[in-house]
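What follows is a short report on a single structure.
No lab work stands behind these numbers, since they all come straight from the coordinates. Worth saying up front: this structure is predicted, and the values here are computed from it rather than measured. Don't worry about glycine lacking a Cβ; one is built from the backbone with ideal geometry, like all the others, and counts go over all protein chains shown.
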Amino acid sequence: MNSTTQRTAIVTGAARGIGAATAIRLAKDGHAVAVLDLDEASCAGTVSAITSSGGRAIAVGVDVSQPDQVEAAVARVAAELGAPTILVNNAGIIRDNLIFKMTIEDWDAVLNVHLRGSFLMTKAVQAYMTAEKYGRIVNLSSTSALGNRGQVNYSAAKAGMQGFTKTLAIELGRFGVTANAVAPGFIATDMTRSTAERMKISFEDFLAGAAAQIPVGRVGQPEDIAATISFLTSEEAGFVSGQVIYVAGGPED
Ligand code: NAP
């Protein structure tokens, strides 16, 4: 176990992929975990993986881009699991297209989930963290923050997550709250599966092609990201703040 004290953690977009692996890992670290996703029923798998191993977890349905839903969700977590002092802003979507074909709706949808969603979640949760004089915030960025063809919306959002993180670190440090970003490279999840579908290649070929470009010779797994988040949310990481950690099997670009 990384932390000495059991805390309440919130992980958004935790029904599957990186969010699910992170929720399960934070529960193994000894925390009670609120598993948030758009559809409460879709969180059942993550919640039962935690509770069947003796952990504590609840499922909460919320669209992180909607202020009223966020307020209600965070209040419910505090009432049922205790004041949240760990927050992982992981919920995300992609709507890839070259800029000349990208619609305003695809731009807004991506910016709304990643940036507006992280802003709303953090605004709601920081009230508990500052009252407790302790907090750990981890935001999901991406290597796409450095630029990626077909992703002007997503790369703008993921670069925005880095500035958001650094400013949170500056504003909240005096309250015992750290904020860091994890920027994954290629991770095998439904998100990358959908990219393969859009490119009309098999997921297996897509994975093999990606692995060939990565210095460690393999693609990432959700657990690789969860392990990094486990460290950043631990008590012993209290002097690490405002950082962007690329977890990509090599240097970021
Ligand atoms: P994923 O498998 O697609 O899972 C994302 C989860 O977020 C889904 O369960 C999704 O719900 C949920 N979600 C979407 N919009 C939401 C909203 N408005 N409110 C609440 N939940 C919402 O994605 P992933 O690959 O695990 O990615 C997780 C995070 O890592 C994302 O921020 C992503 O951008 C980032 N990332 C991923 C990679 C990668 O290679 N996979 C690389 C770099 C960064 P639905 O299923 O209902 O849509």
(message) Please enumerate, by chain and number, the aspartates and glutamates with C-alpha under 15 Å from the C-alpha of K166, excluding those fewer than 8 residues away in the same chain.
(response) none
(request) Quick one: what are the phi-derived ³J(HN,Hα) couplings along segment 83-90, Karplus 6.51/-1.76/1.60 with θ = phi - 60°, whole Hz, x for glycine and proline? (result) 3, x, 10, 10, 9, 10, 8, 10
(message) What's the magnitude of the charge dipole for the chain around its Cα centre, counting Lys and Arg as +1 and Asp and Glu as -1 at the beta-carbon? Answer in Debye, nearest 20.
(response) 320
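Over the chain, what is the mean sequence separation of C-alpha contacts under 8 Å (at least six apart), divided by residue count, expressed as relative contact order in percent?
It comes to 20 percent, rounded to a whole number.
Go ahead and run the numbers for FRET between R198 and A227, Cβ-Cβ distance against an R0 of 30 Å, rounding to 0.05. Intermediate results must be reported in sequence, preceding the final value.
On the way: r = 29 Å, r/R0 = 0.97.
Taking R0 as 30 Å, the efficiency between R198 and A227 is 0.55.
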(request) Would you be so kind as to identify which of A169, L207, A124 lies farthest towards the positive end of the dipole of the chain, taking Lys and Arg as +1 and Asp and Glu as -1 on Cβ and the Cα centre as origin? (result) A169
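What's the magnitude of the charge dipole for segment 134-253 around its Cα centre, counting Lys and Arg as +1 and Asp and Glu as -1 at the beta-carbon? Answer in Debye, nearest 20. Could you put the intermediate results ahead of the total?
On the way: 9 positive and 11 negative charges, 68 e Å.
Computed about the Cα centre, the dipole is about 320 debye.
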(message) Using helices alone, I'd like the mean residue ellipticity at 222 nm for the chain: each DSSP H run of four-plus residues gives -39500 (n - 2.57), total over residue count, nearest 500.
(response) -13500 deg cm²/dmol
(message) Within 14 Å, Cβ to Cβ, of S42, how many net charges do the neighbouring residues add up to if Lys/Arg are +1 and Asp/Glu are -1?
(response) -4
(request) With θ set to phi - 60°, apply the Karplus curve 6.51 cos²θ - 1.76 cosθ + 1.60 along segment 109-124 and write out the HN-Hα couplings as whole Hz, x wherever there is a Gly or Pro. (result) 4, 5, 4, 5, 6, 6, 8, 4, x, 5, 4, 5, 5, 5, 4, 5
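Only Cα pairs under 8 Å and at least 6 apart count here; give the relative contact order of segment 31-147 as a rounded whole percent.
With pairs under 8 Å counted, the relative contact order is 26 percent.
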(message) Whole-Hz ³J(HN,Hα) for each residue in segment 130-143, computed from phi via Karplus 6.51 cos²θ - 1.76 cosθ + 1.60 with θ = phi - 60°, x for glycine and proline: what do you get?
(response) 5, 5, 7, 6, 7, x, 9, 10, 10, 10, 8, 9, 5, 4
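If you take every residue apart from I58 with its C-beta less than 15 Å away from the C-beta of I58, what net charge results, scoring Lys and Arg +1 and Asp and Glu -1? If you can, show how the numbers build up before the last one.
Numbers: positive: R7, R56, R76; negative: D37, D39, E40, E80.
Once all neighbours under 15 Å are counted, the net charge is -1.
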(message) Quick check: net charge around A21, other residues with Cβ under 11 Å of its Cβ, Lys/Arg +1 and Asp/Glu -1?
(response) +1
(message) Can you tell me which aspartates and glutamates have their Cα less than 18 Å from the Cα of K133? Leave out same-chain residues fewer than eight positions away.
(response) E171, E235, E236
(request) Mind checking the full-extension length gain between K101 and V244? Use 0.36 nm per residue of separation minus the Cα-Cα distance, one decimal, nm. (result) 48.4 nm
(request) Tell me which residues come under 5 Å, amide H to amide H, from T85 once H is placed; ignore anything under 5 positions away on its chain. (result) T8
